[in-house]
Amino acid sequence: MSEPTTSPRAISLLKAVCGIQTPHDRRNQITLLRWILGFGITFLAAVWLSETGRVGDGGPGIGLALVPSAFAAGAIWSYMRYVREADELARTIQLQAIATGFGVMIGFLVLYPLFEQAGAPAAGLYEAAVIGMCAFAGGELIATARYR
Amino acid sequence: MKNNLKDLRADRGWSQGDLAEQLGVSRQTVNALENGKYDPSLPLAFKIADTFGRKIEDVFVWSAT
């Protein structure tokens, strides 16, 4: 059986995505990833504790919600820092990715109800957020390929 | 905007990575500049000219196309 191979085009794009960072940008991105990881873990833990009824309503529940919120604030702050201090081409690419993600998410929120009325499955804010994040990632890849 | 970054860099025997390190940008930025796919900000354009000891108009040439 032959080994799976990655296309040269994909490797080239991957190298472009990785090569777009200076060492300073990479450090800022690692900080960002730590905040995102912390957010992910605390968010899942908070959902589990809340859904299993281990944390009650009122003060304890709000306290629990504040933990992932703090990590989310940290992630936003470190992303803003990354973009502000990033290599200028990386900043341009991030701007295009943000525009793509934001535009697609708003478009989805405005237009999808029409599809729902026509019988498409119901979707809410979570679905819109996931679609926005996917569009952001796609926008980043497209912009990276444009300046390659 | 056109530029002769590639020739100036080649004259000095620098790699794209060497120039990127001196300018404090990524190698990909230098590559995009050389290929004419990206126009630098004014501060970066001045920094590039300064790195090569040239005037900015010796490195970058305005082109309407």
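The values are calculated or read from the model by the stated rules, or taken from the named source; none is laboratory data. Being a predicted model, the structure only gives us computed values, none of them experimental. Glycine gets a Cβ as well: all are built from the backbone with ideal geometry, and neighbour counts include every protein chain shown.
Which numbered condition in (1) surrounded by 20 or more Cβ atoms within 10 Å (Cβ to Cβ); (2) within 13 Å of another protein chain (Cβ to nearest Cβ); (3) touching an Asp or Glu at 6+ places or on another chain (Cβ under 9 Å) is the only one that B:Leu5 fails?
Failed condition: (2).
Of the residues A:Ala46, A:Ala90, which is under 30 Å from B:Ile48 (Cα atoms) and either of a type outside the set (Val, Ile, Thr) or in a helix (DSSP H, G or I) (or both)?
A:Ala90
Of the conditions (1) under 20 Å from A:Ala90 (Cα atoms); (2) at pLDDT 95 or above, B:Arg27 clears all except one; give me its number.
So the condition that B:Arg27 fails would be (2).
Given the criterion loosely packed, with under 14 Cβ neighbours inside 10 Å and either in contact (Cβ under 8 Å) with a residue 60 or more places away in the chain or within 30 Å of B:Leu19 (Cβ to Cβ) (or both), identify the matching residue among A:Arg81, A:Arg54.
A:Arg81
I'd like the residue in the range A:98-127 that is small (Gly, Ala, Ser) and at pLDDT 95 or above and, out of all such residues, is surrounded by the most Cβ atoms within 10 Å (Cβ to Cβ).
A:Gly101
Pairs please, first residue from the range A:110-122 and within 18 Å of A:Gly132 (Cβ to Cβ), second anywhere and charged (D, E, K, R), Cβ atoms under 9 Å, 6+ apart in sequence or on different chains.
A:Tyr112/A:Glu127; A:Ala122/A:Glu116
Those residues that are part of a loop (DSSP other than H, G, I, E, B), more than 10 Å from every other protein chain (Cβ to nearest Cβ) and without any contact (Cβ under 8 Å) to a residue 60 or more places away in the chain, I need them from the range B:40-65; list them, please.
Across the range B:40-65, the qualifying residues are B:Phe52, B:Gly53, B:Arg54, B:Lys55, B:Ala64, B:Thr65.
Check whether at least one residue in the range A:30-44 is among the basic types (Lys, Arg) and over 19 Å from A:Gly139 (Cβ atoms), and report yes or no.
The answer is yes; a qualifying residue exists.
Within the range B:1-24, which residues are of a type in the set (S, T, N, Q) and in a helix (DSSP H, G or I)?
B:Gln16, B:Gln22
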